[in-house]
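Undergrad: Have a look at this one.
The values are calculated or read from the model by the stated rules, or taken from the named source; none is laboratory data. None of the values given here were measured: they were computed from a predicted structure. A quick note on method: Cβ atoms are made from the backbone with ideal geometry, for glycine too, and the neighbour counts reach across all protein chains shown.
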Amino acid sequence: MLRNIFLVLVLALPSLIFSQQSNRPFSFFNDFIVTGSLNYVSSATIQLDPYSPDIVERNSTLELSGGYGYGFTIRTKLFRNDLYLGLSGEYVRIQDNNAVLILEGDSTTARLKLTETITSFPAELTVYFNVPSFQENLNIYLGGGIGLYSGDRKRKILNFESETISKSFGLSLVVLSGIEYYFEKNFMTFMEMRFRDGEYNVRSKFPLSYVTLNGISYSLDKDMNSKIFLDGLKISFGLGYRF
């Protein structure tokens, strides 16, 4: 679905760009926008065993909801007044304290509550197009691009936390829209929404091979391979300055 939205945006932007003209004279290197934001990410998904030969285990997932973070963006004019190129960096943390780990013994099973925490560091390169508006201090924009995603995953049971063995990054398309309000000549506040499906891989392990509950020992997985999808809607509120 994200690819379809991105394709529609790519097809629609050229007609908008060439059919509208900005009233401000064009010039290079005198129109940079720097913004900082507080962000809310609605959800993330952990694929618990993406390399298992068993299709049921391979499709097993855990949904996490409600994460927060912060970020910054630098935008610069690209060819014309209404077109900008932006580079953004971000930190996201999502934690679930009510996840459950099912442990199997020789003849019994146990359900153990654990804490799942993922951290992510998206870096995204996007193109912005300012939609023509009737108010000089109000700006609506659309955009799209590509993101590079890396991060970590931690599981904590009892007083033990998993150790990360290796991590790898992934790529994803990005689609965005936002609105800016200039309350001074160069100072503005904004709200933005981003749609993406960023992913990265984490391999980790617990520092112990088993736990004992009610006198019964339960073994823990030696290695945990997981794939994390940062697939929730991102909503940002922030401030910016135009140079």
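Undergrad: Hey, can you tell me all the residues within region 98-112 that are in a strand (DSSP E or B) and not aliphatic (A, V, I, L, M)?
TA: If we filter region 98-112 for residues that are in a strand (DSSP E or B), which is where we start, we get 98-104, 109-112.
The answer is Asn98, Glu104, Thr109, Arg111.
Undergrad: Let me ask something else about it. Can you pull out every residue in region 151-202 that is more than 27 Å from Lys227 (Cβ to Cβ) and under 21 Å from the mean Cα position of the chain (by Cα)?
TA: Within region 151-202, Ser177, Gly178, Ile179, Phe190, Met191 meet the criteria.
Undergrad: Also, I was wondering about something else. Find all pairs meeting these conditions: Cβ atoms under 7 angstrom apart; at least six residues apart or on different chains; first residue within region 49-70 and on the phi < 0 side of the Ramachandran plot and basic (Lys, Arg); second residue surrounded by 13 or more Cβ atoms within 10 Å (Cβ to Cβ) and not in a strand (DSSP E or B).
TA: Between residues of region 49-70 that are on the phi < 0 side of the Ramachandran plot and basic (Lys, Arg) and residues that are surrounded by 13 or more Cβ atoms within 10 Å (Cβ to Cβ) and not in a strand (DSSP E or B), the close pairs are Arg58/Asp49; Arg58/Pro50; Arg58/Ser52.
Undergrad: Also, quick follow-up: So which strands (runs of 3 or more DSSP E) are wholly in region 155-243 and hold at least 1 residues that are surrounded by 19 or more Cβ atoms within 10 Å (Cβ to Cβ)? Don't jump to the end; show me each part of the working.
TA: On the way: elements: 163-168, 170-182, 187-196, 198-205, 210-213, 216-219, 224-230, 234-242.
Strands (runs of 3 or more DSSP E) meeting the threshold: 170-182, 187-196, 198-205, 224-230, 234-242.
Undergrad: Follow-up. Which residues, taken from region 99-128, are farther than 25 Å from Ser42 by Cβ and surrounded by 12 or more Cβ atoms within 10 Å (Cβ to Cβ)? Spell out how you get there, then give the answer.
TA: Step one: filter region 99-128 for residues farther than 25 Å from Ser42 by Cβ, giving 102-112.
Within region 99-128, Leu103, Gly105, Ala110, Leu112 meet the criteria.
Undergrad: A further question follows. Tell me whether region 102-112 contains one or more residues that are free of Cβ contacts under 8 Å to residues at least 12 places away in the same chain and of a type in the set (S, T, N, Q). Lay out the reasoning, then the answer.
TA: Initial filter on region 102-112 (free of Cβ contacts under 8 Å to residues at least 12 places away in the same chain): 102, 106-107, 109, 111.
Subset that is of a type in the set (S, T, N, Q): 107, 109.
So far as region 102-112 goes, yes, one or more of its residues are free of Cβ contacts under 8 Å to residues at least 12 places away in the same chain and of a type in the set (S, T, N, Q).
Undergrad: Right, something else. Among the residues of region 75-90, count how many are at pLDDT 95 or above and exposed (fewer than 15 other Cβ atoms within 10 Å of the Cβ).
TA: Going through region 75-90 one residue at a time, the tally reaches 2.
Undergrad: Within region 113-142, take every residue that is within 16 Å of the chain's Cα centre (by Cα), in a strand (DSSP E or B) and not charged (D, E, K, R) and give me the one that is nearest to Leu85 (Cα to Cα). Please lay out each step first, then the result.
TA: Going through region 113-142, the residues within 16 Å of the chain's Cα centre (by Cα) turn out to be 117-126.
From what is left, the residues that are in a strand (DSSP E or B) are 117-120, 123-126.
Narrowing further to those that are not charged (D, E, K, R): 117-120, 123, 125-126.
Values: Thr117: 33, Ile118: 29, Thr119: 26, Ser120: 23, Ala123: 14, Leu125: 7, Thr126: 6 Å.
Checking each candidate, the answer is Thr126.
Undergrad: Which residues, taken from region 137-166, are touching a Ser or Thr at 6+ places or on another chain (Cβ under 9 Å) and among the hydrophobic types (A, V, I, L, M, F, W, C)?
TA: Just the residues of region 137-166 that are touching a Ser or Thr at 6+ places or on another chain (Cβ under 9 Å), to begin with: 139-157, 161-166.
Those that are touching a Ser or Thr at 6+ places or on another chain (Cβ under 9 Å) and among the hydrophobic types (A, V, I, L, M, F, W, C): Ile140, Leu142, Ile146, Leu148, Ile157, Ile165.
Undergrad: Quick check, is Lys227 more than 12 Å from the chain's Cα centre (by Cα), in contact (Cβ under 8 Å) with a residue 24 or more places away in the chain and farther than 26 Å from Ser37 by Cα? Break it down into steps so the answer makes sense when it comes.
TA: On the way: more than 12 Å from the chain's Cα centre (by Cα): yes; in contact (Cβ under 8 Å) with a residue 24 or more places away in the chain: yes; farther than 26 Å from Ser37 by Cα: yes.
Yes; evaluated as a whole, the condition is true for this residue.
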